[in-house]
Amino acid sequence: MLFPLLPWFYKAEVNQLSLTGAALYPALCKHLLQVTGTDPEYIQSGLLIKPPIDKKLAIDWCEKNKIPVMEKGSDLFLPNVGQVCNPKLMSALRQCLIQEGVKLMEHTQLEPIEEMQEITSWRTTAGEKLVADKYVVTSGAWSFELLKKTSLKLNIKPMRGQILLYKIPVNTVQHIIYQDGFYLVPRRDGYLLAGSTLEDVGFDTGTTDAIKQDLQVKAEVIMPCLKDAPIVKHWSGLRPGTLDNLPTIAVHPTIKNLYLNTGHFRYGLTMAPESARRLADLIN
């Protein structure tokens, strides 16, 4: 979902990054499809927000920020909210980078960097030295671990999110649906995401039956037909949790050739294009 959940409760900086980033996706996805043949499946599916909701607060914010909004009974509908299929987006981005001659070093772990004025090389856990003119930390929940020996103490910690994937007939539901901290995101191919949790459990990427059942109950309250729908997958991921969902996009305060683009919490995908643009401006 390329939109902050209930943005009227967030700081202006979060919404500015999110909304600007989201607006770049139609052109980005079109470009990726043209150059790679992989469609990230950008869809302007709209967001339906069900009670409980402070309608006046929400409508006032939408009108102030020129976000189209309409009332549908007790619900609010934001028709311009889009989504992208993140696995296909990542596949297209990976292919595009390779076509542009970028070298990808997968399954490579770095040692924490020491305090210094300038990095000349960064050692991996396998003992290899990576040499570059400039370095960027974009390591999400693991960023704190990489930088903990430097003067910058990032306030980032992993926050686990568990999610379910259903398979339902295509076009069963047209819009993203949000209710009371829970959302359903319908894909073009009939898959439906249902989630997610916010769990402070460190770097534990496991899943639990209790959470699975809780997610099922919430999904079935919104869409009773899901009681008979197969669950294709149940998995979790670690978000880089930060205070107020505010990321760090900056030059390291003491290491002059080290840059930071991390701590985006729940909105890394939404903020990504604008975060990358800001980072590129800093580096250049």
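Going by what's in this entry, would L97 be described as within 30 Å of V131 (Cα to Cα) and surrounded by fewer than 17 Cβ atoms within 10 Å (Cβ to Cβ)? Considered against the rule, which asks whether it is within 30 Å of V131 (Cα to Cα) and surrounded by fewer than 17 Cβ atoms within 10 Å (Cβ to Cβ), L97 comes out as yes. Among residues of the stretch 145-161 being in a loop (DSSP other than H, G, I, E, B) and under 20 Å from the mean Cα position of the chain (by Cα), the one that is farthest from L48 (Cα to Cα) is L154. The strands (runs of 3 or more DSSP E) falling completely within the stretch 1-93 that include 1 or more residues that are open to solvent by 70 Å² or more (accessible area, probe 1.4 Å) and more than 19 Å from R187 (Cα to Cα) map to 70-72.
Scanning the stretch 162-176 for residues that are under 28 Å from D204 (Cα atoms) and open to solvent by 10 Å² or more (accessible area, probe 1.4 Å), we see that the one that is farthest from the chain's Cα centre (by Cα) is K167. For the stretch 34-41, the criterion of being within 16 Å of the chain's Cα centre (by Cα), farther than 22 Å from Q174 by Cβ and among the β-branched types (V, I, T) is satisfied by no residue at all. Within the stretch 116-144, the set of residues being open to solvent by 80 Å² or more (accessible area, probe 1.4 Å) and part of a loop (DSSP other than H, G, I, E, B) comprises Q117, E118, T120, A126, E128, V131, D133, K134, T138.
Conditions (1) open to solvent by 70 Å² or more (accessible area, probe 1.4 Å); (2) within 18 Å of P158 (Cα to Cα); (3) in contact (Cβ under 8 Å) with a residue 40 or more places away in the chain; (4) aliphatic (A, V, I, L, M), marked per residue:
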{"position": "V185", "(1), (2), (3), (4)": "no, no, yes, yes"}
{"position": "A194", "(1), (2), (3), (4)": "no, no, no, yes"}
{"position": "H234", "(1), (2), (3), (4)": "no, no, yes, no"}
{"position": "G237", "(1), (2), (3), (4)": "no, yes, yes, no"}
{"position": "P240", "(1), (2), (3), (4)": "no, yes, yes, no"}
{"position": "D244", "(1), (2), (3), (4)": "no, yes, yes, no"}
{"position": "A250", "(1), (2), (3), (4)": "no, no, no, yes"}
{"position": "F265", "(1), (2), (3), (4)": "no, yes, yes, no"}
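Going by what's in this entry, would L97 be described as in contact (Cβ under 8 Å) with a residue 40 or more places away in the chain and of a type outside the set (D, E, K, R)? So L97 does not fit the description; no.
The values are calculated or read from the model by the stated rules, or taken from the named source; none is laboratory data. Small disclaimer: the values here were computed from a predicted structure and weren't measured. Cβ atoms come from the backbone with ideal geometry, glycine included; neighbour counts cover every protein chain shown. To get the accessible areas, we keep the full protein, side chains included, count just its heavy atoms, and leave off ligands, DNA and RNA. Shrake-Rupley method; radii C 1.70, N 1.55, O 1.52, S 1.80 Å.
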